[in-house]
Amino acid sequence: MENEIRKKRIFSGIQPSGELTLGSYMGAIKSWVDLQDEYDCIYCIVDMHAITVRQNPAELRRRSVAQLAQYIACGLDPQKNIMFIQSHVPQHAELAWILGCYTQFGELSRMTQFKQKSQQHADNITAGLFTYPVLMAADILLYQADLVPVGADQKQHVELTRDIAQRFNGVYSDTFTLPEPFIPKMGARVMSLGNPANKMSKSDPDGCVYLMDKPEDIRRKFKRAVTDSETAVKFDKENKPGVSNLLTIYCAATGKTMEEAEADFAGQGYGVFKPAVADAVVELLRPIREESERLIADKAYLEGIYREGAQHAQYLANKTLAKVQRKIGFAAR
Ligand code: TYM
């Protein structure tokens, strides 16, 4: 079409540092699926981010490809979206180096994820862990992304990306699109089932539901979920964090509003509520697990998608990178 208007662009990614969780589904992947028709989307498996903490090489390799199968099984259409593995597109590392020279030590020191991870991995606080947000900024800015759908914990990194882009644009004239975070209304911060004060994370197997968990595992985890000593199923984040988290999960899994969810359980105790949340999650994840298992067995199909994705991504990334290199004064090749 002649006057075709370019759709706005999305970029987002997930680290293959562990199995995908219900948190990453509700905070990120669900939005990706919802937005794929309206936007021009690029979804990445960010293996270079994953090595900021020590990984088992065989597991990293396996999970990187399995994660692509899971993206597709969640509903991302490989015909509509560019999907690739970050280390296959070297422009990410090249732009990250350049952007690192436009990022302040103080800014990186203030990042919450760095503070948390350097506590968790106190014996291995690497330069990579510290400069992680610069690589994330490169991911986003390389593709001139308008929108970055993420869970609430990544908002600070997207804001830093904007600051870096704005600074660069200020010095060299408009180069980068300023991205906005897109954070879902329901499920932006799914908490651990075992300790609702903490975010649900891959490294906490009991408090965490994995997309590939079998129904019996999911039911067991919800049965053990921490609630409180009252009986009413009411949303009250301050005083009833466990129940509120379960209600949020129920809403995100079923598409119901909080009022509808509370009405479903009016007058019922936790003995009815907890298994009902488990059932909703079992039904949400069953088709995703089954389709993932089928796709993981088809290595050639997955290879085709991530190779083509990387080629397409490189083409787009090179346009931005070449512009940046010229503006900062690197000699023409
Ligand atoms: P990562 O791999 O830790 O998490 C992937 C995505 O899932 C979201 N998420 C959650 N949302 C709600 N509740 C939870 N419990 C939960 N756990 C995880 C995260 O917010 C994230 O959206 N730095 C990123 C990866 C990244 C990236 C990027 C994202 C690298 N480059 C460029 C966007 C754009 C990260 O560590 O996500």
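Structure summary
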read-out: HIS92, HIS121, ranked by accessible area, largest first (probe 1.4 Å); value: HIS121, HIS92
read-out: Surface accessible to a 1.4 Å probe, MET186 within the full protein complex, Å²; value: 70 Å²
read-out: Alpha-carbon gyration tensor eigenvalues x 5, square-rooted, for the range 58-190, Å; value: 24, 20, 17
read-out: Calculated SAXS-style log₁₀ I(q)/I(0) at q = 0.26, 0.28, 0.29, 0.36 Å⁻¹ - the range 126-165, Debye, Cα scatterers; value: -0.92, -1.03, -1.08, -1.30
read-out: Separation of the ASP37 and GLN120 label points, Cα + 7 Å toward Cβ, nm; value: 3.6 nm
read-out: Total charge dipole magnitude, the range 160-252, about the Cα centre, Cβ charges on Lys, Arg, Asp, Glu only, Debye to nearest 20; value: 220 debye
read-out: Separation of the GLU283 and VAL171 label points, Cα + 7 Å toward Cβ, nm; value: 5.5 nm
read-out: For the chain, the fraction of alpha-carbon pairs in successive 20 Å shells from zero, as %; value: 30, 56, 14, 0
read-out: Relative contact order of the chain, defined on C-alpha pairs under 8 angstrom at six or more residues apart (%); value: 22 percent
read-out: Cα gyration tensor, the range 83-133 - rounded (a/c under 1.5), prolate or oblate; value: oblate
read-out: Coordinate range along principal axes, alpha carbons of the range 1-91, Å, largest first; value: 49, 30, 19
read-out: Fully extended contour minus Cα-Cα distance, from GLU260 to LYS214, at 0.36 nm per residue; value: 13.8 nm
read-out: Length-normalised contact order for the range 215-293 - Cα pairs under 8 Å, 6+ apart - percent; value: 37 percent
read-out: Considering only the chain, percent of DSSP beta bridges that pair antiparallel, nearest 5; value: 10 percent
read-out: The range 212-314: radius of gyration and largest Cα-Cα distance (Dmax), Å; value: 18.5, 57
read-out: Net charge of neighbours whose Cβ lies under 13 Å from the Cβ of TYR270, counting Lys and Arg as +1 and Asp and Glu as -1; value: +3
read-out: Relative contact order for the range 13-80, counting Cα pairs under 8 Å that sit 6 or more residues apart, in percent; value: 51 percent
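The values are calculated or read from the model by the stated rules, or taken from the named source; none is laboratory data. Remember, it's a predicted structure, so these values are computed and weren't measured experimentally. Don't worry about glycine lacking a Cβ; one is built from the backbone with ideal geometry, like all the others, and counts go over all protein chains shown. Surface accessibility is based on the protein's heavy atoms, side chains included, excluding ligands, DNA and RNA. Shrake-Rupley method; radii C 1.70, N 1.55, O 1.52, S 1.80 Å.
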